[in-house]
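Here's the structure we're looking at; comments come further down.
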Amino acid sequence: MTSIRMSPVHAQLEALQPQWEERLGMQVAAKLPGDAAAMLEAVAIADLSHLRKCGLKGPGAERWLRDHDIPVPDGVNAWAMLPAGGVIARLGRSEFFVEDGEAGVVVESIGASLGFGAAGVYPVIRQDAGFALAGRRVNELLVQTCNVNFEAFGAEEKIAVMTQMVGVSVLAIRAIHARVPCYRLWCDPTFAPYFRETLTGIAEELGGAAIGVDALPI
Amino acid sequence: MSARLPPVPGEWIDRSVDIEFEFEGRPFRGFAGDTVTSALIAGGAGTIGRSFKYHRPRGVLSMANHDINAMMQDGARMNLRGDVVPLRKGMRLNAVNTLGGLEADRGRLLDGLSAFLPVGFYYKAFHSPKGLFPFWERMFRRMTGLGRLEFSSPRLRTPKRYDFCDVLVIGAGPSGLAAALAAADAGAKVCIVDENARVGGSLTYQRDAGNLIPGMLDVLIARIVAHARVSVRAATCAAGYFADHWVPLIEDRRMTKMRARAIVVATGVAEQPAVFRNNDLPGVMLVSAAQRLVHRYAVKPMESAVVLTANDEGYAAALDLHRGGIRVTAVLDLRRDISATEAAKQLGAAGVPIRCGYGIYEAREAKGRVGAAVAGPLLDSGDLDVARQETIGCEGILMGVGYAPAAALLYQSGAKMRFDGSVQQFVPDQLPAGVFAAGRVNGVYDIDDRLRDGARAGTAAAAFLGFASTAHPAVPRAQSSPSHPYPIFDHPKAKNFVDFDEDLQLKDFIHAAQEGFDNIELLKRYTTVGMGPSQGKHSNMNAIRILAKLLRKSPGEVGSTTSRPFFHPVPMSHLAGRGFHPYRQTPLHSRHEKAGAVFMQAGIWLRPEYYAFPNKSKQDAVREEASTVRSSVGMIDVGTLGKMEISGPDAAAFLERLYTGKFGNMKIGMTRYALMVDEAGVIIDDGVVARLGEDRFYFTTTTTGSANVYREMTRLNVLWQMQVGIVNATGAYAAINIAGPRSREVLGTITQLDLSANAFPYLGVREGCVADAAARVMRVGFVGELGYEIHVAADAACHLWDALMKSGQAHGIRPFGVEAQRLLRLEKAHIIIGQDTDGLTTPVEAAMGWAVKMDKPYFVGQRSLKIIGKKPAKSQLVGFMLEAGDADAAPKECHLVIRDGGIAGRVTSIAFSPALGRHVGLAFVAPDMAADGSRFFIRVDGGRMVQARVVPTPFYDPDGARQKAEAA
């Protein structure tokens, strides 16, 4: 079956001869040649653009989410886990970004419930390219590409940062999985080829490389 | 002859590692840890460079990173500063700025012509006769500039990185080290940087005649290195200060953008030269330069020296050097009344003559370097009593007459500085929040005071950040001035240099002031003082003193010039570094590549200009693409268009206020052209608005305008407080325009939407599935044919493209690029904002009054358009056509419309229309030239005039029958 959806960096991944798997209607680079564990000792980058996303904005957005039993991060520029995996990030007082995990249904249910919108709640189409950066040297990559001091955040702090990385606007959150620093990054899909190419180049200088989704310590 | 001393305590060299190198073709040998200059001096070199303007022989001046006459070329690496660049094996060095080598430099003839080459001579000469200007230009280009640029050298991708700390301490001398320790002890994360190869600052060479507490530096360094909250970066120059404590740190192969929460500036001072005749001879140097050579590199720069001083530190230095093996033949003190220090007494006991109230009138040359100092007593006027001059034999003259604060970073931070006469120095008066100063830059000189001042500043910085700390009292400034107020002496034969970078003499300043350049900023620009590679570190203070004396003002009243980052030259490779140049690709980029697209940049987008075929020219490819659209069907990726969604109860009202047209009366399922003007009534954007629901609209903007339009909409809604949600969905949607008489058939096979003319009329919009993807389909006709613009989520774009290509195969579908689109739209006379308009074009001038509904209550720019409407238009956009025979010399875009020898307009678009067999175009012309049938002339390349005729537009299918396609 032909997938309808395609990652904005599909062409770059194809050159790496990945093991493709169809997930959520998109060809996903599940595995890539190379020692992923070694990459995680340096910096590894994986494409997670297949995960479904949506956004909400408007003065009634927070109330609407609570009414639909969706966790709402307490403060602006904070994020929270969704019950079945995935994240919800609060981008402002009245704007939210939601990404499901592979098994999640929150995005789908928001779409079904919200439709074209409700009073003071406006749906936002999100087609962001999604990436994961992981590895013990990941901060060395970050300090070459972004002027936010991620290391200043506490390990348990769930801060959603909207900033620029290599000249591209991104949403970034930080987590630590299996004691490996891990960052999730989202950017406009039309910048994704440039963004991934640039980050991968720096990751390679640091001894890292691209890895498949299944090698992520998430 | 080797000038290398036996091992000196604390020396920076590693005598176990020999390094061989070449200078001017001669072999030299040094040690690891040497700088280029220290190794050269150790190897017996005296002259190590030539001056910029007069090509005078020059030696060591400062050894403090501003010996600009010791700049070297090593292969592709140019303008290496010999006084600080570490020696490396295999270096093949040459002095820059010579014509034929250092010794045989033909440029030295200029020294004899210096009387004819005063400052600013080029302002007054060479502008006539005009014909000779190219000759002079070539000559000056050959003569000026430092170093040789190797175009073949590989690009260095010098990494740039960010870093963060609580307190950045700049300068790792005693006060900086004390500041770092105090701040770190209070709990702050501290980074301390120093431009020298090792930390310690003046403690590494100014030994205060042995009076320092033994091991003081070692103790400080040990504490710093052991401190968990302190990171140390030597050989790192903090080259500028930007807002919010953002400081670029320059290392040999890296630039770090340090974001500190507070900074302590402990940058110390730069020792200043005295000004007397021949003060640039090899062998004349700053006292601190000699001390650096002796204590850091174990190099004795001369056998004997006269020390010229004006402070107590000069005696300590003289004694120190005397003990280090340099025979001090005299100490000359510019001060008359001093109380003898312990060092002075010891010098006297050692038989060194001491002359108080004495200065140096000139240095005499012998064998290419200093042979003697001509000294004399100072008169009450401050001049030297030439009649009582005496000549003192020596190989060197060491100048220790005062200092200038290294305060560039403080100035850049916005600190208010004032001139403190008691220390003869500019000192910080008011510091910005989070900026602190310590040590000699703060006017504090005694070593114990500097340590206390550093601790005070470090503690204050930590307290500023909220770390618990105890306030330290202010530390008093120096009791006696370490700097002489005017160590500058005139001489009838001049060559008394103030600025060694630019060969500026005392008389140059006097002449500049006489010519009216008597403001410090004007003086700087006229004389170029401080504009050379050392950026005034050894010249600005003396320039201020000279101007102050000429104007009978104090240095404080004269003030200093503006300090801007970078205050120290930074290699271009660091600034270029790894470049981040974002570009955007539509989701269909891979499909375009497969189809042979030749890409062009549209803003930061990459778009297919056309699709290349073997053995086919670009022109043929473009015309075939256009022909396919006219005759069958083509498709173009228009995903770069801005795409916005606006919804909510006030959505229609918002659009009415934003655009010039009416949208409240639009039917659901229809689209309408939208024109946007700014408050001045100037066209800034256009697009198509589609009404998807009662309170739900989707609309497009120009490719380059989307971000601005979204930003402006957001801003306006803050003002207007309307109930709308605005979404910039530019990247989230892909868009394909399928156009041509067969487009309905092609699209019809992959969608259940009813595409019949009645069900889906021209300018309609429908939502439904296309190739199993949720889509918005708009019947618009930018290229003048039956066409559909299909918008789908970005991740479904390739699927849609493939489906359309497959469906259109039977009709010979092919993609077309931007060039064909431009041609097709020009045949319809559809304007492109930014190409057919400029920053002054109003809808009236662009013949788009039909898109402006002045009877609305309000829209942005309406008020201006009312005013503009009452005035006669200055130009008019018209369509024109060339006569058939003018195809070979067709005008180009931006060629001028000429009437009576003057400019009457310009061409904005022009192309050959295969459909019409003529060149057609759009042009701005004077309103009285705009009538149909009027003829005007366009001046083309080479000056030839081509006649054009104003014709009605659209040129092609004027009734729009093809795009409406109602019969289908």
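The values are calculated or read from the model by the stated rules, or taken from the named source; none is laboratory data. Every value quoted in this text rests on a predicted model; they were computed, and no experiment measured them. Using ideal geometry, Cβ is built from the backbone for each residue, glycine included, and neighbour counts are taken over all protein chains shown.
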Answer yes or no as to whether B:Ala889 is crowded, with 17+ Cβ neighbours inside 10 Å, in contact (Cβ under 8 Å) with a residue 40 or more places away in the chain and over 30 Å from B:Asn665 (Cβ atoms). no
Name the residue, out of B:Thr751, B:Thr703, that is out of contact with any helix residue (DSSP H, G or I) (no Cβ under 9 Å at 6 or more places or on another chain) and either closer than 28 Å to B:Met848 by Cβ or within 12 Å of chain A (Cβ to nearest Cβ) (or both). B:Thr703
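Each row is one residue, and each column tells you yes or no for (1) modelled with pLDDT of 95 or more; (2) facing chain B (nearest Cβ under 8 Å).
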{"site": "A:Ala152", "(1), (2)": "no, yes"}
{"site": "A:Glu156", "(1), (2)": "no, no"}
{"site": "A:Ala160", "(1), (2)": "yes, no"}
{"site": "A:Leu171", "(1), (2)": "yes, no"}
{"site": "A:Arg179", "(1), (2)": "no, no"}
{"site": "A:Trp186", "(1), (2)": "yes, no"}
So, B:Gly787, is that one buried (at least 23 other Cβ atoms within 10 Å of the Cβ) and either more than 22 Å from A:Asp188 (Cβ to Cβ) or within 12 Å of chain A (Cβ to nearest Cβ) (or both) or not? yes
Restricting attention to region A:195-218, the residues that are in contact with a strand residue (DSSP E or B) (Cβ under 7 Å, 6 or more places away or on another chain) and within 14 Å of another protein chain (Cβ to nearest Cβ) number exactly 5
In the list B:Ala887, B:Ala847, which residue meets the criterion of being touching a Leu at 6+ places or on another chain (Cβ under 8 Å) and at pLDDT below 95? B:Ala847
Go through region A:14-26 and give me each residue that's in contact (Cβ under 8 Å) with a residue 24 or more places away in the chain, more than 11 Å from chain B (Cβ to nearest Cβ) and either buried (at least 17 other Cβ atoms within 10 Å of the Cβ) or touching a Phe, Trp or Tyr at 6+ places or on another chain (Cβ under 8 Å) (or both). A:Pro18
Which one is farthest from the other protein chains (Cβ to nearest Cβ) among residues in region B:584-596 that are outside any helix (DSSP H, G or I) and surrounded by fewer than 18 Cβ atoms within 10 Å (Cβ to Cβ)? B:Gly596
Criterion (closer than 30 Å to A:Pro193 by Cα and in contact with a Pro (Cβ under 8 Å, 6 or more places away or on another chain)) met by exactly one of B:Ala734, B:Ala739, B:Ala771: B:Ala734
Unmet requirement for B:Gly536, which otherwise passes all of (1) surrounded by fewer than 21 Cβ atoms within 10 Å (Cβ to Cβ); (2) without any contact (Cβ under 8 Å) to a residue 40 or more places away in the chain: (1)
Suppose the filter is among the basic types (Lys, Arg) and assigned to a strand (DSSP E or B); does B:Arg863 pass it? no
What pairs come up if the first residue lies in region B:914-938 and is over 27 Å from B:Arg630 (Cα atoms), the second is in a loop (DSSP other than H, G, I, E, B) and not charged (D, E, K, R), and their beta carbons are under 6 Å apart, counting only those six or more places apart or on different chains? B:Phe924/B:Ser875; B:Pro927/B:Ala873; B:Ile938/B:Pro891; B:Ile938/B:His895
Go through (1) at pLDDT below 95; (2) under 22 Å from B:Thr730 (Cβ atoms) one by one and return the number of the condition A:Leu114 breaks. (1)
Could you say whether any residue in region B:926-944 is in contact with a Pro (Cβ under 7 Å, 6 or more places away or on another chain), assigned to a loop (DSSP other than H, G, I, E, B) and surrounded by fewer than 17 Cβ atoms within 10 Å (Cβ to Cβ)? yes
Please name all residue pairs, on different chains or six or more residues apart, with Cβ atoms under 6 Å, provided the first residue is in region B:343-369 and is closer than 26 Å to B:Asp380 by Cα and the second residue is loosely packed, with under 14 Cβ neighbours inside 10 Å. B:Cys356/B:Arg336; B:Gly357/B:Arg336
Do we have B:Gly681 as on the phi > 0 side of the Ramachandran plot and either more than 14 Å from every other protein chain (Cβ to nearest Cβ) or not in a loop (DSSP other than H, G, I, E, B) (or both) here? yes
Which condition from (1) away from every other protein chain (no Cβ under 14 Å); (2) basic (Lys, Arg); (3) touching a residue at least 24 places away in the same chain (Cβ under 8 Å) is the one that B:Arg552 breaks? (3)
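Each row is one residue, and each column tells you yes or no for (1) under 44 Å from the mean Cα position of the chain (by Cα); (2) surrounded by fewer than 22 Cβ atoms within 10 Å (Cβ to Cβ); (3) part of a helix (DSSP H, G or I).
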position	(1), (2), (3)
B:Gly359	yes, no, no
B:Glu365	yes, yes, no
B:Ala375	no, no, no
B:Ile392	no, yes, no
B:Ile397	yes, no, no
Is there any pair with a first residue in region B:1-24 that is in contact (Cβ under 8 Å) with a residue 24 or more places away in the chain and a second that is hydroxyl-bearing (Ser, Thr, Tyr) whose Cβ atoms are under 6 Å apart and which are 6 or more apart or on different chains, and what are they? B:Ile13/B:Tyr297
